[in-house]
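Here is the structure we will look at.
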4 protein chains.
Amino acid sequence: MYFGSDNQSGASDAVFAALAQANQGISAAYGDDEWTQQAVRAIQTTFDSPAEVFFVSTGTAANALALACMSSPWQIILCHAQAHILNDELTAPEFFTGGARMIGLDAGREKLSLETLSQYLSQGSAHPPHNAEPAVLSLTQVTESGQVYSIEELAALCAVAHQHGLTVHMDGARFANAVAGLNCHPAAISWQAGVDVLSLGATKNGALSAEAIVFFNRPLAANLVPLRKRSGHLVSKGRWLGAQFSAWLNDGHWLELAAHANRMATLLEQGMAACPASQVIWPVAANEVFAILPSPVIEQLRAQGAVFYQWPRHFVPSHFNLSEHDEVVRLVTSFRTSEADVTTFLGHLNAAERG
Amino acid sequence: MYFGSDNQSGASDAVFAALAQANQGISAAYGDDEWTQQAVRAIQTTFDSPAEVFFVSTGTAANALALACMSSPWQIILCHAQAHILNDELTAPEFFTGGARMIGLDAGREKLSLETLSQYLSQGSAHPPHNAEPAVLSLTQVTESGQVYSIEELAALCAVAHQHGLTVHMDGARFANAVAGLNCHPAAISWQAGVDVLSLGATKNGALSAEAIVFFNRPLAANLVPLRKRSGHLVSKGRWLGAQFSAWLNDGHWLELAAHANRMATLLEQGMAACPASQVIWPVAANEVFAILPSPVIEQLRAQGAVFYQWPRHFVPSHFNLSEHDEVVRLVTSFRTSEADVTTFLGHLNAAERG
Amino acid sequence: MYFGSDNQSGASDAVFAALAQANQGISAAYGDDEWTQQAVRAIQTTFDSPAEVFFVSTGTAANALALACMSSPWQIILCHAQAHILNDELTAPEFFTGGARMIGLDAGREKLSLETLSQYLSQGSAHPPHNAEPAVLSLTQVTESGQVYSIEELAALCAVAHQHGLTVHMDGARFANAVAGLNCHPAAISWQAGVDVLSLGATKNGALSAEAIVFFNRPLAANLVPLRKRSGHLVSKGRWLGAQFSAWLNDGHWLELAAHANRMATLLEQGMAACPASQVIWPVAANEVFAILPSPVIEQLRAQGAVFYQWPRHFVPSHFNLSEHDEVVRLVTSFRTSEADVTTFLGHLNAAERG
Amino acid sequence: MYFGSDNQSGASDAVFAALAQANQGISAAYGDDEWTQQAVRAIQTTFDSPAEVFFVSTGTAANALALACMSSPWQIILCHAQAHILNDELTAPEFFTGGARMIGLDAGREKLSLETLSQYLSQGSAHPPHNAEPAVLSLTQVTESGQVYSIEELAALCAVAHQHGLTVHMDGARFANAVAGLNCHPAAISWQAGVDVLSLGATKNGALSAEAIVFFNRPLAANLVPLRKRSGHLVSKGRWLGAQFSAWLNDGHWLELAAHANRMATLLEQGMAACPASQVIWPVAANEVFAILPSPVIEQLRAQGAVFYQWPRHFVPSHFNLSEHDEVVRLVTSFRTSEADVTTFLGHLNAAERG
């Protein structure tokens, strides 16, 4: 019963088989190999875009390199207050950008709202060169609360950002789960909605370690090559990144993996909603369930071998009125989560004493 | 009628005379001169502390160097949402610290409250090494709203910060005005209240350009010398910084200058409170008046030669209900402001048509 | 006939099999998994040292993170003028250290000499805080010229460095080839000789992508964890790094791979020395051959499918008197190089017309 | 007898009088004042160029900001091995540029030679993105050895740099002494020779603290304003920088001050050349004398109150054959050096026992 994170699963069989094949023989290093080129084309085809594409090993690197390409060291990067780039990547954005400032908005909501963004961008306190100005909006799809921005929400947020001269980055560590959840074309929630640069993550959804930085707005990629090299993120045996991405995108494999994970999360949600001990916070839109559980229940579940994280209480909307005895938990499903895992977990949940 | 900023005045006569004297002859460079040493002793005596003291030319340098001595590049610096280090120094703190993160709290208040700080520090979302942790609390005395923290408020804020392992910096660009306003010993609102490092500004209150970084917590100064040098802030003719500070602190000169500025602000406040066209936002505690004025009044005052800044509307407490026709203004007095300036200004204010 | 680089080969069968096994099931992320712990112990056992060990994906990251742990931003890192960290990692050391300075010594030799190092360290031009001071000596074993420092050479260089207060880093991208070449214990050319921190590379010698930073001097590791995280080098699925290293070190596998590569280089050297068209520059000590060839010969070899790099002419010792028609080539062998590759290459070389 | 450095003198009477005048009244802050504007025009007129001009307080800031405008963090800045930016500004260039690399050439000569520069730039080891590429050539005029590049030498160096795509920076901390020494137009050894950006120093030659960054190549100034602000080098009371520069350039004052200093150095040189105890190393071209003296002579001179620095022995050309008992000294004259100072010094020198 592992619901700790989707990065606790390994690679899917198809992805791993591709790695095995790519491992044969000798090939050019540093991305000058056929697997890398094939993966670039696979992403261009998948997104129906002549994007510039670069591969790295970690999501933090993908996000931080993208942001460093999009901002000057004296500018501001806006994001949601719960964004991974703000709360889970130490100060990688500051490091890669040379000291740009991160500002998190809408702490009390599960998504960044158009109202908040518009108000922030129009507050007009600028007196250059004394104050920093926003240059980038970074959105997370799927959000840290497991929510998914609709096509319309994205388009509206990007439009406001562009009106004020910002470019838009998307942290797509769980982008596949969003596409599967919305059942839309990948372009619809990326470049067609106004996203300039996408961090496309495969690691959480079936790869060993493979992330792509996709520049739909190609001039923004101007400095990517030196930035990637000097940050130690140009791998010598580039083929293993390319091979993973090619297999992952091949024939809809990535969306099958994501759809399975999403289905497991919905099963969990349904079971938890039916259980008096648990209170689901936000409706499941992808592969994450957030719920309020009494502490004794959490202890019993863990004693039975369930693995999951507790979540900061201050991220919960105030109308939930958390008691002292309640805690917030996050359950994440992956392509490896089985129905049996879910059923077993729900059985333990229903059997738990509320204390 | 210059109320734009206290940095629009030059040096006081006494300070300038000291410069003239120091300019004679030849002396050792880079701070190895008698004026610098004398100024260090003057600060130690004034604060009744064996502090480590260093001089620089600008307030931004003093603040950013202090913060760089107090934090690692992967840590957080907390401050008030209106703090100068956050809004008026571009991204100097990020540059000097190598990418530490600035977080502004209590946007809706004129001071940082104990409640907000305590809540932030105890929210407990830490999961190292993924999230950045706060290392420094930076307080501004006088605040950007012209308010002054009481001795008790400072002691409480510093105590909470220290309990959570933070050290405390104070941006004292107008520290003299706070001492004059509270009529207290300088130590009472610095090291005795728990401040570890003080940026002590003379520039805004009678010097040409002279700021001191005062390390009451002396081990924190360990890296100041190389950081100052590589940031270009070790001046060769150090005597002119030392000479200014010695004269400024000599025989209470600094507090006389500050007390005069404060008196002029109080005169302004009284006159504006009595005028139906204007609404004073916060009670004057030092040398700044913040008020709401109808736009036509502002135009008429400027036409008469009055110089002052408009202030961001979103910094005004919500219960003031600003109308579309209102604007916020900031009036700053200095040691050079005369009663005649104030009287003239108030005359024009009372004569203005509200439109 | 691939002699371009040892990073053009994939993973060995044993290493890849370990990856396949580690890919099963679900395990803790970010290095809290059994494979990572096992790999740490394997390195400690191999080196007979309670070293602190951390894993990353690239050699540039391993080197730059090690150097960032060993120096302040205002200090100097000394290395050989041909060092990889100086010539092949863009400005990664400067980026990770926050601006420390790289100085390359002994441009005209194939190794750093004790004389040059001693002279540099004793030249005594220090006038702090104006000049930067050396803090780290970085040695490369195997060197960029394919040479190997003897145990005695290393001990002498480290001793001089330590006498002057420097710590010693070793770039061991081809450390395995050095151990195999010297037929010594790994400790003898690392901590026993005085090396404080080793970048131990597996990627060039049988792994897909796996590098370890080994802190024999453990207090130097104090900042490694935040530095690795904020540079995006903490991989989520840490098991694939651990699994590679465990398998690589298991039962002498790494040294068998290296010894094979070295043997192939020796075969090449012998054949080339016997051929009038080519002139071997330095005796082979590991898995690299450097030779002077007439340009027409190079063209013919490439037309036959041989892959290798040309090398900067100014790295060749002056007594070789390169003619205009000569070029320098580097041939690198790996665990995948076969005797047939070598024989075929030598056949083409002997058949080539010198033009 | 102060020959320690020209930064040990204060401001000239004319410069200080201008400061006194500028100190009156109230004026706009941050460079939006009439003195600053007047100084910009004075520099444009003096150089006969519509250059972009910015003021800072220190030479290190001027140099580092200029270099940060001219290079990316992954590029190389070339300079002479004895350059101030390399040996006397800690790692300010690395800090301001975000980690660009400094490379010093021609350690054994007193100037950078065309041969060395040409050879370096054409060595052709580039294999992007792995190696850093040179972007800037920084020349020092007057050099650290007190030598002056001729117009022809400068033009040739700049031409080679430009051919290879580099831009040229000049560290002109003693630019006035070079103009006075060559008796040429300031444009002839700056933009007409190919210099793109000049750090023009007044501090060493009659100002209290005033340096200008002069962008003849104006697009290079694009990032100067934010870089200056976030490094804490935008002074609030900008008028005192402007006032100094205006007075300094007014009516040839700067060149009179420099010519006096140069004359004093020539007097020193003549006297020292005639004294058997001392050996002048390079002919005096500006306001610095470098000489070899026996250690006992140095001690006797210091006992008599003479102030000067010893210089690194390894900077002396090898044909001088320094004995163990010899030391190298640097004597610097300034606008405040009197003939009496020189005569007294020479008297003590001639009277000293060689030991």
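How high is the relative contact order of chain D? Use alpha-carbon pairs under 8 Å, at least six apart in sequence, and give a whole percent. Don't skip to the end; give the middle numbers.
Working: 716 pairs, mean separation 87.5, N = 355.
Reported as a whole number, the value is 25 percent.
Distances in nm, one decimal, shortest first, from B:Glu115 to the same residue in every other copy, taking the label point 7 angstrom along Cα→Cβ.
For B:Glu115, the other copies' label points sit at 2.2, 7.6, 7.9 nm, shortest first.
Grab the residue from chain D whose Cβ hugs the D-to-A rotation axis most tightly, plus its distance in whole angstrom.
Value returned for chain D: D:Gly98, 2.
Given chain C, what percent of its DSSP beta bridges are antiparallel, to the nearest 5?
50 percent
Classify region C:250-307: rounded, prolate or oblate, from the alpha-carbon gyration tensor (a ≥ b ≥ c, eigenvalue square roots; a/c under 1.5 rounded; otherwise prolate if a/b is larger than b/c)? Display every interim value, and only then the final one.
Values: a/c = 3.39, a/b = 1.98, b/c = 1.72.
Cα axes put region C:250-307 in the prolate bin.
Using a Debye calculation, one point per C-alpha and no hydration shell, please list log10 I(q)/I(0) for region C:133-218 at q = 0.13, 0.22 Å⁻¹ in order.
For region C:133-218, the Cα-only Debye profile gives -0.37, -1.04.
Computed FRET efficiency, Cβ-Cβ of B:Tyr309 and A:Gln38, R0 41 Å: what is it to the nearest 0.05?
So the FRET efficiency works out to roughly 0.10.
At B:Gly252, label 7 Å along Cα→Cβ: distances to the other copies, nm, ascending?
Spelled out, the distances from B:Gly252's label point are 5.4, 8.7, 8.8 nm.
Which one of B:Ala274, B:Ser295, B:Thr337 is farthest out on the positive end of the charge dipole of region B:198-355, using unit charges on Cβ (Lys, Arg +1; Asp, Glu -1) and the Cα centre as origin?
Final value for the positive-end residue is B:Thr337.
On a 24 Å Cα-Cα criterion, which of the cross-link pairs D:Lys204/D:Lys237; A:Lys229/C:Lys237; A:Lys229/B:Lys229; B:Lys229/D:Lys204 come out too long?
A:Lys229/B:Lys229
Please report, as a whole percent, how much of the solvent-accessible surface of chain B comes from carbon and sulfur atoms (probe radius 1.4 Å). Walk me through the intermediate numbers first.
Values: 5740 of 11690 Å².
On chain B, the fraction of accessible area on carbon and sulfur atoms equals 49 percent.
Taking the Cβ of C:Asn7 as the center, what net charge do the other residues with Cβ under 12 Å away carry, scoring Lys and Arg +1 and Asp and Glu -1?
Local net charge: 0.
Give the B-A buried accessible area in Å², both sides summed, 1.4 Å probe, nearest 100.
Counting protein atoms only, the buried area is about 1900 Å².
How big is the dipole moment of region B:259-351 about its Cα centre under a simple scheme where the beta carbon of each Lys and Arg is +1, that of each Asp and Glu is -1, and everything else is neutral? Debye, nearest 20, please.
For region B:259-351, the charge dipole is close to 180 debye.
Inter-copy label distances at D:Ser318, 7 Å along the Cα→beta-carbon direction, one decimal in nm, shortest first?
So the distances to the same position in the other copies read 0.9, 7.8, 7.8 nm.
Charges only on Cβ, +1 for Lys and Arg, -1 for Asp and Glu: so what's the dipole of region A:12-251 about the Cα centre, in debye to the nearest 20? Provide the component values of the computation, followed by the final result.
On the way: 12 positive and 20 negative charges, 96 e Å.
Result for region A:12-251 is approximately 460 debye, rounded to the nearest 20.
Where the centroid of each part is defined by its Cα atoms, how far is region B:64-86 from region C:156-214 in Å?
39 Å
I want the local charge near C:Arg101. Using Cβ-Cβ distances under 9 Å, sum +1 for each Lys or Arg and -1 for each Asp or Glu among the other residues.
Working: positive: D:Arg101; negative: C:Glu94, D:Glu94.
Around C:Arg101, the surrounding residues sum to -1.
Semi-axes of region C:167-263's equivalent ellipsoid from the Cα gyration tensor, sqrt of 5 times each eigenvalue, largest first, rounded to whole Å?
23, 19, 10
Which percent of the Cα-Cα distances in chain D go past 26 Å?
Tail of P(r) above 26 Å: 51 percent of Cα pairs.
Before rounding to the nearest 500, sum -39500 (n - 2.57) across all DSSP H runs of length at least 4 in chain D and divide by the residue total; then give [θ] at 222 nm in deg cm²/dmol.
Calculated from helices alone, the mean residue ellipticity at 222 nm is -11500 deg cm²/dmol.
Treating the beta-carbon of each Lys and Arg as +1 and of each Asp and Glu as -1, no other charges, what is the dipole magnitude of the protein assembly as shown about its Cα centre, to the nearest 20 debye?
Magnitude of the dipole: close to 0 debye.
Which value, in Å to one decimal place, does the Kirkwood hydrodynamic radius take for the protein assembly as shown when every pair of different Cα atoms is included?
34.2 Å
Pull up the DSSP beta bridges for the protein assembly as shown and report the antiparallel fraction as a percent, rounded to 5.
Of all bridge pairs located within the protein assembly as shown, approximately 55 percent are antiparallel.
From the C-alpha gyration tensor of region C:299-355, pull out the three semi-axes of the equivalent ellipsoid (sqrt of 5λ each), sorted largest to smallest, in whole Å.
Output for region C:299-355: semi-axes of 23, 16, 9 Å.
How would region C:52-164 be classified by its alpha-carbon gyration tensor: rounded, prolate or oblate, with rounded meaning a/c under 1.5 and the a/b versus b/c comparison settling the rest?
The shape class here is oblate.
Pop out the Kirkwood hydrodynamic radius of region A:254-351 from its pairwise C-alpha distances, inverse of mean 1/r, in Å to one decimal.
Numbers: mean 1/r = 0.0734 Å⁻¹.
Result for region A:254-351, one decimal place: 13.6 Å.
Place +1 on the Cβ of every Lys and Arg and -1 on the Cβ of every Asp and Glu in region A:197-355, take the dipole about the Cα centre, and give the residue among A:Leu220, A:Gly347, A:Ala247 whose Cα lies farthest towards its positive end.
A:Leu220
Taking beta carbons within 10 Å but only from partner chains, what does the mean come to for residues B:219-227?
Counting Cβ atoms of other protein chains within 10 Å of each residue's Cβ and averaging gives 3.
The values are calculated or read from the model by the stated rules, or taken from the named source; none is laboratory data. Nothing here was measured: the structure is a model prediction, and the numbers come from that model. Backbone-built Cβ (ideal geometry, glycine too); neighbour counts: all protein chains shown. To get the accessible areas, we keep the full protein, side chains included, count just its heavy atoms, and leave off ligands, DNA and RNA. Shrake-Rupley method; radii C 1.70, N 1.55, O 1.52, S 1.80 Å.
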